[in-house]
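Chemist: Okay, handing you the structure first.
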Amino acid sequence: MSKLAIRLTMVTAVSLALAVPSFPVFAAGSDEPSPPPASSTKSSPKGKKKKHNNQSQLDDPAFLNGYRAAYATIYNRHDYAGAIKQLEALGHDDRADVANLIGYSYRKLGNYKVSQIWYERALKADPNHVRTWQYYGLWQIEQGNRDQAQYHLSRIAAICGTGCAEYKSLAAALEKPPGTGLVY
């Protein structure tokens, strides 16, 4: 895709982002998990609403310590297989933060099919999880799907604007010629 086409797409994406009603942003980007999305209720089979409370996990020292340890295993030691085991042991892989880090780890291990499953699971848990859109966009670039990565960039713009780190990272990766190294 030419630079002009990318810029035109970006202008369109930003214009659309301004037309989209605002909604809360739940971006991961640290060793602290983000709060669950605002709509965290699920219907039970009997039609009653069942509260799915992930907020208590943020107060659970065992969860937080395990999450931080897995985060350090990924970003400090680059032990992706070890991090997957740590994250799965948390028992909360239905959280967008956890599923995203599992997907990231599988991507770094080169298992793109399994990575994709985890990224999609993260987005199902929280469709506005900015870090997942970013990492999944990088996955798309690595797979040669630059148009899809551009779509992911437009989703990030709609969620947190063009000034957030996730947007800048994916935009920088898209500006590089195919086959060059990525930011993350």
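The values are calculated or read from the model by the stated rules, or taken from the named source; none is laboratory data. This one's a predicted model, so the numbers in the text were calculated from it and none came from an experiment. Cβ sites come from the backbone with ideal geometry, for glycine too, and all protein chains shown count toward neighbours.
Let's see how each residue does on (1) in contact with an Asp or Glu (Cβ under 9 Å, 6 or more places away or on another chain); (2) farther than 24 Å from Asn65 by Cα; (3) modelled with pLDDT under 95:
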| residue | (1), (2), (3) |
| --- | --- |
| Lys108 | no, no, no |
| Ala125 | yes, no, no |
| His129 | yes, no, no |
| Ile159 | yes, yes, no |
| Cys164 | no, yes, no |
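Chemist: Tell me the residue from Gly103, Gly110, Gly91, Gly137 that is within 28 Å of Pro177 (Cα to Cα) and either outside any helix (DSSP H, G or I) or acidic (Asp, Glu) (or both), please. Spell out the reasoning first.
Modeler: Values: Gly103 fails: either outside any helix (DSSP H, G or I) or acidic (Asp, Glu) (or both); Gly91 fails: within 28 Å of Pro177 (Cα to Cα); Gly137 fails: either outside any helix (DSSP H, G or I) or acidic (Asp, Glu) (or both).
The match here is Gly110.
Chemist: Condition test on Tyr151, is it hydroxyl-bearing (Ser, Thr, Tyr), free of Cβ contacts under 8 Å to residues at least 40 places away in the same chain and either within 22 Å of Leu109 (Cα to Cα) or out of contact with any Pro (no Cβ under 9 Å at 6 or more places or on another chain) (or both)?
Modeler: Yes: the conditions hold for Tyr151.
Chemist: Do you know which residues across segment 70-84 are farther than 13 Å from Lys108 by Cα and hydrophobic (A, V, I, L, M, F, W, C)?
Modeler: Ala70, Ala72
Residue-wise test of (1) of a type outside the set (Gly, Ala, Ser); (2) under 17 Å from Ile74 (Cα atoms); (3) crowded, with 23+ Cβ neighbours inside 10 Å.
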| site | (1), (2), (3) |
| --- | --- |
| Glu88 | yes, yes, no |
| Arg95 | yes, no, yes |
| Ile102 | yes, yes, yes |
| Lys108 | yes, yes, no |
| Lys113 | yes, no, no |
| Trp118 | yes, yes, yes |
| Ala122 | no, no, yes |
| His129 | yes, no, yes |
| Thr132 | yes, yes, yes |
